[in-house]
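Enquirer: What follows is a structure written as structure tokens; I'll ask about it next.
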Ligand SMILES: Nc1ncnc2c1ncn2[C@@H]1O[C@H](COP(=O)(O)OP(=O)(O)OP(=O)(O)O)[C@@H](O)[C@H]1O
Ligand SMILES: [Mg+2]
């Protein structure tokens, strides 16, 4: 059930109840009912609890509930199934590849899952994220990953060895590092009162492999699970000798006993190529982890909780539906839109949502000006059509007529737009959709 933070007991219809406020799944203020008798009036009780909590919880403005970057804790909406599944994979050492478009919550999911594992307190884990954007060559990739390994090694050493006895820590720590990072020349020192580990001073593929293997040995020795999250992994595929880098990483992935690798990237098509092309070293070496958009019902619970905190009432159902419709549940845009709405003194109505969306669109049009102007005229026509609902059987006579394009032009525009992650295909309904809802609105407005 998590750690109980506060408890309230009271009587209702001659039954006594205890309500406990916990940090279950890291979402504060989820309430558990411990009833001495069966409770038929759960809904009634739930409303009472929410009223009590809305009075006793901290003011909403002190916490960023709608961040534009990664999110964890109270601002994180649901994804309980994904968190449980990813948490399990991490613990059993199954390497994962998280597949989703830009700004859909990959980093947030990983970091929230790591927080969950820490809170469960049944597995000792150390975690580091490496961001490969702006990598220029192999040495640069090696340097970034090795720097994360150094941090992981430092965390394990300081938590295992007695840090009060500095002399012992340095001598014993150096001994251990030399024994696990065998092909390297690791060093341990104190810099600005902080312990620093440096496993390598040259950065190339050999040192990278040796450092990854050393990390695994150290984690194994200390009975830790080391989690290395390599974000924007598709950047490796853009380097000259990418096959060599991917081969080295594959070897370390295969041999790892106590390290779990999580790979993610925001360029979906390139990531997919790196993981599913039979000629690429990492083919079939990771568990695909598809991350779909958060369900409307989960957003409803989440946003209602935040509305209650802010205005002491549920979100108007028409306003909620409009948020879901305009943003298409794209998490970045849900947050951007709600951020505007939650500045209001009163709870928004549907028309307030539409007005705030206009403002979001203006900003998005400015931010994405380059992306929009780089589309070819045919790609624009196809995007406009899809945004307006011409989104299935794309080469049928009807669509050809409506778009006023030859079938071959439609096909190549769709191929290009899919490759550049601008449109996606919903396999269940066999319909195309514009990935970025702001682009979809701009396309409709300009058609
Ligand atoms: N579970 C969630 N609950 C609420 N908001 C979320 C959730 N997941 C993601 N978001 C929001 O979505 C946006 C993108 O999140 P995040 O940075 O985790 O995505 P990403 O896929 O890693 O992005 P990028 O492709 O840029 O690396 C942020 O605004 C974040 O706050
Ligand atoms: Mg990310």
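The values are calculated or read from the model by the stated rules, or taken from the named source; none is laboratory data. It should be emphasised that the depicted structure is a prediction, and the values quoted were computed from it without experimental measurement. Cβ placement follows ideal geometry from the backbone for every residue including glycine, while neighbour counts extend to all protein chains displayed.
Enquirer: Those residues that are within 17 Å of the chain's Cα centre (by Cα) and at pLDDT 95 or above, I need them from region 234-263; list them, please.
Expert: Correct list: 260, 261, 262, 263.
Enquirer: For region 220-227, indicate whether the set of residues that are part of a strand (DSSP E or B), in contact with a helix residue (DSSP H, G or I) (Cβ under 9 Å, 6 or more places away or on another chain), within 16 Å of ligand 2 (Cβ to nearest atom) and over 27 Å from residue 435 (Cα atoms) is non-empty.
Expert: Yes; the residues of region 220-227 include at least one that is part of a strand (DSSP E or B), in contact with a helix residue (DSSP H, G or I) (Cβ under 9 Å, 6 or more places away or on another chain), within 16 Å of ligand 2 (Cβ to nearest atom) and over 27 Å from residue 435 (Cα atoms).
Enquirer: If you don't mind, another one. Restrict the check to region 204-226 and report whether at least one residue is more than 16 Å from ligand 1 (Cβ to nearest atom), without any contact (Cβ under 8 Å) to a residue 24 or more places away in the chain and over 18 Å from residue 107 (Cα atoms).
Expert: Our first condition is that a residue be more than 16 Å from ligand 1 (Cβ to nearest atom); within region 204-226, this holds for 204-226.
Next cut, without any contact (Cβ under 8 Å) to a residue 24 or more places away in the chain only: 206.
Right, trim to over 18 Å from residue 107 (Cα atoms) and you get 206.
Scanning region 204-226, I find at least one residue that is more than 16 Å from ligand 1 (Cβ to nearest atom), without any contact (Cβ under 8 Å) to a residue 24 or more places away in the chain and over 18 Å from residue 107 (Cα atoms), so the answer is yes.
Enquirer: Given the criteria touching a residue at least 12 places away in the same chain (Cβ under 8 Å) and away from ligand 1 (no atom under 14 Å from the Cβ), does residue 247 qualify?
Expert: On the way: touching a residue at least 12 places away in the same chain (Cβ under 8 Å): yes; away from ligand 1 (no atom under 14 Å from the Cβ): yes.
In short, yes.
Enquirer: State which residue is farthest from residue 391 (Cα to Cα) when the search covers only region 405-447 and only residues that are touching a helix residue (DSSP H, G or I) at 6+ places or on another chain (Cβ under 8 Å) and assigned to a loop (DSSP other than H, G, I, E, B).
Expert: Filtering first and then ranking leaves 420.
Enquirer: Something else: Checking the structure you have, find out if any residue of region 268-284 is at pLDDT below 95, away from ligand 2 (no atom under 16 Å from the Cβ), on the phi > 0 side of the Ramachandran plot and surrounded by fewer than 21 Cβ atoms within 10 Å (Cβ to Cβ).
Expert: yes
Enquirer: Another question about this same structure. Among the residues of region 360-404, how many are under 14 Å from residue 445 (Cβ atoms) and assigned to a helix (DSSP H, G or I)?
Expert: The number of residues fulfilling the criteria is 10.
Enquirer: I'm checking my understanding of the structure. Among residues of region 276-309 that are over 25 Å from residue 80 (Cα atoms) and in contact with a helix residue (DSSP H, G or I) (Cβ under 9 Å, 6 or more places away or on another chain), which one is nearest to ligand 1 (Cβ to nearest atom)?
Expert: Filtering region 276-309 for residues that are over 25 Å from residue 80 (Cα atoms) and in contact with a helix residue (DSSP H, G or I) (Cβ under 9 Å, 6 or more places away or on another chain), the one nearest to ligand 1 (Cβ to nearest atom) comes out as 282.
Enquirer: Something else: Please verify whether residue 262 is within 16 Å of ligand 1 (Cβ to nearest atom) and part of a strand (DSSP E or B), treating the condition exactly as stated. Lay out the reasoning, then the answer.
Expert: Details: within 16 Å of ligand 1 (Cβ to nearest atom): yes; part of a strand (DSSP E or B): yes.
So residue 262 fits the description; yes.
Enquirer: Moving on. In this structure, is residue 189 over 25 Å from residue 253 (Cβ atoms), free of Cβ contacts under 8 Å to residues at least 24 places away in the same chain, touching a strand residue (DSSP E or B) at 6+ places or on another chain (Cβ under 9 Å) and assigned by TED's automatic domain parsing to the domain that holds residue 130?
Expert: yes
Enquirer: Out of contact with any strand residue (DSSP E or B) (no Cβ under 9 Å at 6 or more places or on another chain) and without any contact (Cβ under 8 Å) to a residue 60 or more places away in the chain: is that true of residue 428 in this structure?
Expert: So residue 428 fits the description; yes.
Enquirer: So, one more: Taking the condition of being closer than 15 Å to residue 64 by Cα and either touching a strand residue (DSSP E or B) at 6+ places or on another chain (Cβ under 6 Å) or assigned to a loop (DSSP other than H, G, I, E, B) (or both), how many residues in region 329-343 meet it?
Expert: 2
Enquirer: Given (1) part of a helix (DSSP H, G or I); (2) over 23 Å from residue 421 (Cβ atoms); (3) outside the structural domain of residue 338 (by TED's automatic domain parsing), where does residue 272 come up short, assuming only one miss?
Expert: Looking at each condition in turn, residue 272 falls short on (2).
Enquirer: Determine which member of the set 289, 224 is within 30 Å of residue 183 (Cα to Cα), touching a strand residue (DSSP E or B) at 6+ places or on another chain (Cβ under 9 Å) and crowded, with 18+ Cβ neighbours inside 10 Å. Write out each step before concluding.
Expert: Numbers: 289 fails: within 30 Å of residue 183 (Cα to Cα).
224 is the lone residue from the list that is within 30 Å of residue 183 (Cα to Cα), touching a strand residue (DSSP E or B) at 6+ places or on another chain (Cβ under 9 Å) and crowded, with 18+ Cβ neighbours inside 10 Å.
Enquirer: Continuing with this model, one more query. Is it the case that region 95-102 has a residue that's touching a helix residue (DSSP H, G or I) at 6+ places or on another chain (Cβ under 9 Å), away from ligand 1 (no atom under 16 Å from the Cβ), in the same structural domain as residue 187 (by TED's automatic domain parsing) and not in a loop (DSSP other than H, G, I, E, B)?
Expert: Of the residues in region 95-102, the ones touching a helix residue (DSSP H, G or I) at 6+ places or on another chain (Cβ under 9 Å) are 95-102.
Okay, now just the ones that are also away from ligand 1 (no atom under 16 Å from the Cβ), so 95.
Narrowing further to those that are in the same structural domain as residue 187 (by TED's automatic domain parsing): 95.
Filter once more, so that each one left must be not in a loop (DSSP other than H, G, I, E, B): none.
No, there is no match, as no residue in region 95-102 is touching a helix residue (DSSP H, G or I) at 6+ places or on another chain (Cβ under 9 Å), away from ligand 1 (no atom under 16 Å from the Cβ), in the same structural domain as residue 187 (by TED's automatic domain parsing) and not in a loop (DSSP other than H, G, I, E, B).
Enquirer: Okay, next question. Does region 116-125 include one or more residues that are within 16 Å of ligand 2 (Cβ to nearest atom) and touching a residue at least 60 places away in the same chain (Cβ under 8 Å)? Working first, answer last.
Expert: Quick first cut of region 116-125, residues within 16 Å of ligand 2 (Cβ to nearest atom) only: none.
Taking every residue of region 116-125 in turn, none turns out to be within 16 Å of ligand 2 (Cβ to nearest atom) and touching a residue at least 60 places away in the same chain (Cβ under 8 Å).
Enquirer: If you don't mind, there's one more thing I want to ask. Please go through region 146-194 and pick out each residue that is surrounded by 15 or more Cβ atoms within 10 Å (Cβ to Cβ) and assigned to a loop (DSSP other than H, G, I, E, B).
Expert: Result: 161, 181, 184, 186.
Enquirer: If you go through region 60-72 one residue at a time, how many are farther than 21 Å from residue 297 by Cβ and either assigned to a helix (DSSP H, G or I) or near ligand 1 (Cβ under 6 Å from one of its atoms) (or both)?
Expert: Residues meeting the conditions: 7.
Enquirer: Assess whether residue 377 counts as being surrounded by fewer than 12 Cβ atoms within 10 Å (Cβ to Cβ) and assigned by TED's automatic domain parsing to the domain that holds residue 419.
Expert: Judged against the criteria, residue 377 is a match.
Enquirer: Of the residues 302, 298, 330, 370, only one is more than 30 Å from residue 251 (Cβ to Cβ) and within 16 Å of ligand 2 (Cβ to nearest atom); which?
Expert: Every option except 330 fails the conditions.
Enquirer: Report whether or not residue 113 is surrounded by fewer than 18 Cβ atoms within 10 Å (Cβ to Cβ), in contact with a helix residue (DSSP H, G or I) (Cβ under 9 Å, 6 or more places away or on another chain) and touching a residue at least 24 places away in the same chain (Cβ under 8 Å).
Expert: no
Enquirer: Moving on to the next point. Does region 137-145 contain at least one residue that is assigned by TED's automatic domain parsing to the domain that holds residue 246 and within 16 Å of ligand 1 (Cβ to nearest atom)?
Expert: yes
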